[in-house]
Amino acid sequence: MSSPPDRSLHLTGASNFRDLGGYRAADGRVVRWRRLFRSDHLAALTAGDTQVLEALGVTRAVDFRGGSERAAAAYQLPGVVQYPLPIEPTVVQGMQSILAAGELLTAQRTVELMCLTYRNFVRHNAPRFADLFAQLLRSDEPLVFHCTAGKDRTGYAAALILLALGVPRSAVMHDYLLTNDCYRMPAASDPRIAPEVLNVLWRVQSEFLDAALQTVDEDFGGLDAYLAKQLGVGVAAREQLRRLYLQVPVAA
């Protein structure tokens with residue numbers, strides 16, 4: 001059997017650009033390679049990176065960044081249609097509020113902010129993720145979805161996609177945590193923020209995604225009900241999603 005493609009595309013201008021392919025679903029099929037990509041923002045891509053995306057046939061980019069984020073790091077890619085689905089960032093604002101109040105910003109406080117952010121993805125941002133699934137169901141043309149770092153809004157979106165395709169939670173968590181191996185953290189810009197706090201902010205922890213999935217279970221009656229009632233992805237849509245993005249593994 002030939003070796004599977006690299007999961008990381010090793011781009012120069014987007015360190016967290018990865019393929020969702022290859023994960024095995026519960027029915028034995030696997031997620032198709034080179035169809036679904038997750039990434040940090042695409043505004044720093046080099047000419048060589050752009051050529052890679054062209055070779056991959058990427059025609060759609062779903063952008064979860066908020067308005068100011070998009071304005072500060074806008075991009076245009078040849079042959080790629082952008083679909084902005086803005087989810088405004090809240091963690092940094094929460095950190096700034098703590099500092100402005102003269103309170104101590106600890107790593108644990110930052111973990112709590114991150115978990116709250118993930119719960120709010122579930123409770124308050126369902127329309128954006130519903131639009132993502134509508135785009136996925138439109139065709140199987142290669143698509144990349146991203147935010148700024150490609151770890152939180154994008155990480156939750158990737159988890160939803162894989163879970164909807166029937167990939168077990170253990171594999172979903174594995175994919176989520178790969179950010180810690182791939183993402184290049186930016187340089188510190190605020191001397192008031194300790195390194196251990198930045199390490200929470202710019203990395204991912206299993207408890208962040210667990211907070212979201214626990215909210216799905218507790219507030220919405222589980223994944224099936226959440227997908228169907230909040231995201232518009234019922235039984236028929238999930239079957240269509242699986243037809244588009246799963247395939248029978250090639251025999252040795």
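The values are calculated or read from the model by the stated rules, or taken from the named source; none is laboratory data. No experiment lies behind these values; they were computed from the predicted model shown. Neighbour counts run over all protein chains shown; Cβ positions are idealised from the backbone, glycine included. With ligands, DNA and RNA removed, areas are computed over all heavy atoms of the protein, side chains included. Shrake-Rupley method; radii C 1.70, N 1.55, O 1.52, S 1.80 Å.
Summary of values
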quantity: Summed residue charge, Cβ within 14 Å of Glu112's Cβ, Lys/Arg positive, Asp/Glu negative; calculated: -1
quantity: DSSP-defined antiparallel bridges as percent of all bridges, the chain, nearest 5; calculated: 35
quantity: Accessible area of the range 203-252 belonging to carbon and sulfur atoms, whole % at 1.4 Å probe; calculated: 48
quantity: Alpha-carbon Debye profile of the range 138-234, log10 I(q)/I(0) at 0.11, 0.21 Å⁻¹; calculated: -0.40, -1.13
quantity: 1.4 Å probe accessible area per residue over the chain, in Å²; calculated: 45
quantity: Share of pairwise Cα separations in the range 163-210, more than 17 Å, in percent; calculated: 46
quantity: Size descriptor, Kirkwood hydrodynamic radius, that averages inverse alpha-carbon separations across the range 1-54, Å; calculated: 12.2
quantity: Degrees, to the nearest 10: 235-245 long Cα axis against longest axis of the chain; calculated: 80
quantity: Those trypsin sites (Lys or Arg not before Pro) in the range 165-221 that DSSP places in a loop and that have at most 14 other beta carbons within 10 Å; calculated: Arg184, Arg192
quantity: Spherically averaged projected area in nm², based on the convex hull that wraps the Cα atoms of the range 36-163; calculated: 8.8
quantity: Square roots of five times the Cα gyration tensor eigenvalues for the range 34-82, Å; calculated: 19, 12, 9
quantity: Cα-Cα pairs of the range 65-138 separated by more than 20 Å (percent); calculated: 49
quantity: Net charge, Thr215 excluded, C-beta distance under 13 Å - Lys, Arg +1, Asp, Glu -1; calculated: -3
quantity: Cα-based shape type of the range 207-249, given that a ≥ b ≥ c are square roots of the gyration tensor eigenvalues and the cut on a/c is 1.5; calculated: oblate
quantity: Simple Cβ-charge dipole of the range 27-152, Lys/Arg +1 and Asp/Glu -1, about Cα centre, in debye nearest 20; calculated: 300
quantity: Under Karplus coefficients 6.51, -1.76 and 1.60, residue-wise ³J(HN,Hα) of the range 220-232 in Hz, glycine/proline x; calculated: 10, x, x, 4, 4, 5, 5, 4, 6, 8, 9, 10, x
quantity: Degrees, to the nearest 10: 107-124 long Cα axis against longest axis of the chain; calculated: 50
quantity: The chain: relative contact order in percent, alpha carbon pairs under 8 Å with at least 6 residues between; calculated: 27
quantity: The range 8-95 - percent of accessible surface contributed by carbon and sulfur, probe 1.4 Å; calculated: 57
quantity: The range 63-197, relative contact order in percent, only Cα pairs under 8 angstrom and at least six apart counted; calculated: 28
quantity: Angle in degrees between helix 126-138 and the longest Cα principal axis of the chain, rounded to the nearest 10; calculated: 30
quantity: Efficiency of FRET from Cβ geometry, Arg123 and Leu177, R₀ 25 Å, rounded to 0.05; calculated: 0.60
quantity: Cβ-derived FRET efficiency at R0 22 Å, Glu112 paired with Ser170, nearest 0.05; calculated: 0.30
quantity: Highest-MSF residue in the chain out of Asn120, Asn16, Asn199 [GNM, Cα springs under 10 Å]; calculated: Asn199
quantity: Cα extents of the chain along the three principal axes, largest first (Å); calculated: 59, 46, 32
quantity: Difference of contour (0.36 nm per residue) and Cα-Cα distance, Ala71 to Val91; calculated: 5.3 nm
quantity: Difference of contour (0.36 nm per residue) and Cα-Cα distance, Ala130 to Ala187; calculated: 17.1 nm
